[in-house]
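A.B. asks: Take a look at the following structure, please.
The values are calculated or read from the model by the stated rules, or taken from the named source; none is laboratory data. Predicted model only: the values in this text are computed from it and were never measured. Cβ coordinates were reconstructed from backbone atoms using ideal geometry, including for glycine residues, and neighbour counts include every protein chain displayed.
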Amino acid sequence: MITLMAAALAMALLGAGAPNTPPKGFTALFNGKDLAGWHGLNPHAVAKLKDDKLKAGLAKQREEFAKFWKVESGELVNGGEGPYATTDAEYGDIELLIEYKTVPKADSGIYLRGTPQVQIWDTNQPFNPKNPDRNPGLGSGGLFNNTPKAKGRDPLVLADKPFGEWNSFRIRQIGARTWVWLNGKAVVDDAVMENYWERGKPLPAKGPIMLQTHGGEIRWRNIFAREIGADEAKAAK
C-alpha cells in the first residue's frame, strides 16, 4: 500500500530545492520561463465538432493560448478564461507533483490523460441544495467527474490552505487507479477514475495533462512528473 510517509517524503522533496528544480527521478513539465511544451485546448469546446470544423477549432485554441496564459515570476498564470494549458506530450502511468494558488470564486482542476478531473474548489462556496452532488465545502482533490457517491468523487478530508497560500498536490495514477494527496494529506485512496468522455469504457492508456481555467485567476508552479514503469505498476497495491 502507498503510505502517507511516502507522500510526505515527496512533498518534502518538492520544496527542498531551488524553484522549478525537480526531485530526483522527476522531469519538469514547465520550464518556468515560457510556454514551451504546452498548448491551448478546452476539449469540451470541440467535443462535438468534426472534420474541418474540428481542425479549425483546435487551431484557434492553439492560437489563443498565449493571449490567455503567461509566465510571471516562474509561475504559469491564467486569469480565468481561455483554453486549458495542455502538455504537448502524453502520459500513461505517472506520479505528478504540482503546486497551485487560486482566488475566491475560481474553479479549476487537473485533467489526467485528457480526462476530467482532480478538482480544485473555492471551499468557501455555500452548499446548494438544488445541486446536492456539488460539494465544494468538502475540499479539493476529489475525482469530481466520477459518478456521484462513487469512491474518490469527494475527498476524504478537507486539506485546502487559505487563499493566498500555495497548495501542493501529489497525484499517482496507475491504469485507471488514482491516488491524490493534497498538502500531504490523502484525499483519494486508490479510486478508479472514470472515463468521462465514454462512460463504461476504460480510461485511455495515455493522454495529456491539462490545467483547467474557469472563473478566476489560477497560478501553477513546480510541475514535475515521473513515469511509472511496468514493474512498479504491477507491485502497486
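A.B. asks: Keeping to segment 180-228, report how many residues are part of a loop (DSSP other than H, G, I, E, B) and either on the phi > 0 side of the Ramachandran plot or touching a residue at least 12 places away in the same chain (Cβ under 8 Å) (or both).
C.D. replies: 22
A.B. asks: For segment 214-237, name all the residues that are modelled with pLDDT under 95 and buried (at least 21 other Cβ atoms within 10 Å of the Cβ).
C.D. replies: Correct list: empty.
A.B. asks: Can you confirm whether E165 is in a loop (DSSP other than H, G, I, E, B), surrounded by fewer than 20 Cβ atoms within 10 Å (Cβ to Cβ) and either out of contact with any Leu (no Cβ under 9 Å at 6 or more places or on another chain) or of a type outside the set (A, V, I, L, M) (or both)?
C.D. replies: Taking the combined requirement at face value, the residue satisfies it.
A.B. asks: Counting just the residues of segment 33-68 that are surrounded by 12 or more Cβ atoms within 10 Å (Cβ to Cβ) and in contact (Cβ under 8 Å) with a residue 60 or more places away in the chain, which one comes out farthest from the chain's Cα centre (by Cα)?
C.D. replies: F68
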